[in-house]
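The values are calculated or read from the model by the stated rules, or taken from the named source; none is laboratory data. Computed from a prediction, not measured in an experiment: that's the story for all the values here. In this analysis, Cβ positions are derived from the backbone assuming ideal geometry, glycine residues included, and neighbour counts consider all displayed protein chains. Please note that ligands, DNA and RNA were not included when accessible areas were found on the heavy atoms of the full protein model with its side chains. Shrake-Rupley method; radii C 1.70, N 1.55, O 1.52, S 1.80 Å.
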Amino acid sequence: PASKGALLNIRYYYYYLVKLNTIAAFNLAQLCSIKMIKTKNRKKIGGSIVNMSSQMGHVGGPVRSVYNMNKFGLEGLTKGMAIDLAKYNIRVNTVCPTFVVTPMTKNFLKDKKFKKDLDKAASEAKPIQYVGRKCPQLEES
């Protein structure tokens with residue numbers, strides 16, 4: 001069994017993820033929306049807030065409960081803010097990619113069956129037909 005210390009560390013990590021993925025997104029969007037609302041001719045020029053989410057914020061998936069929770073939270077935040085800010089002509093949306101090859105997804109992609117199923121699903125998708133890859137120019141040296 002896990003020690004109490006390990007459980008506390010896991011709980012701390014989950015709270016950290018919620019703060020990072022939802023609360024930080026809310027705080028930043030709130031600051032931006034306040035600035036946008038104060039802009040002259042707000043209703044005429046419009047505005048937009050775009051959050052980075054995931055398909056897992058819509059469908060969920062196995063072995064990713066905490067990730068799903070965070071992305072569902074971000075989707076709910078985005079929908080609520082879209083309703084609240086519509087009267088100021090400010091749109092709030094999310095971009096929701098599927099799997100992108102990153103250090104975080106390496107373990108999932110090492111599983112041959114998972115990778116095969118993912119590649120099959122990606123090849124059947126329209127119009128993209130491939131699993132996302134990190135841009136080499138953005139990789140850290």
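Note on Lys35 and His58: the extension gain reaches 5.3 nm, defined as 0.36 nm multiplied by sequence separation minus the Cα-Cα distance. Around Thr78, with a cut-off of 14 angstrom between Cβ atoms, what is the net charge of the other residues, counting Lys and Arg +1 and Asp and Glu -1? Value of the local net charge: +1. Element breakdown for the stretch 1-100 at a 1.4 angstrom probe: carbon and sulfur atoms account for 64% of the accessible area. Note on Leu109/Val66: beta-carbon distance plugged into 1/(1 + (r/R0)^6) with R0 of 22 Å gives a FRET efficiency of 0.70. Both radii were evaluated on the Cα set of the stretch 63-108; the Rg over Rh quotient, with Rh as the Kirkwood radius, amounts to 1.13. Give, as a single signed number, the net charge of other residues whose beta carbon lies under 13 Å from the beta carbon of Asn93, with Lys and Arg counted +1 and Asp and Glu -1. Taking every other residue near Asn93 into account, the sum is +1.
For the stretch 98-111, 3J(HN,Hα) computed residue by residue from phi via the Karplus equation (6.51, -1.76, 1.60; θ = phi - 60°) reads 8, 4, 10, 6, 9, x, 5, 9, 3, 5, 5, 6, 6, 6 Hz, glycine and proline entered as x.
Loop-located chymotrypsin sites (Phe, Trp or Tyr not before Pro) in the stretch 1-95 (DSSP state not H, G, I, E or B) with no more than 15 neighbouring Cβ atoms inside 10 Å do not occur. Sorted into 5 angstrom bins from 0, the C-alpha pair distances of the stretch 17-59 split as 5, 19, 22, 19, 15, 11, 8, 2 percent.
Amide H to amide H distances under 5 Å link Ile49 with Arg91, Val92, Asn93, where only residues 5 or more positions off or on other chains count and H is placed in the peptide plane. Between Phe26 and Tyr12, the modelled labels are 2.3 nm apart [label points 7 Å from Cα along Cα→Cβ].
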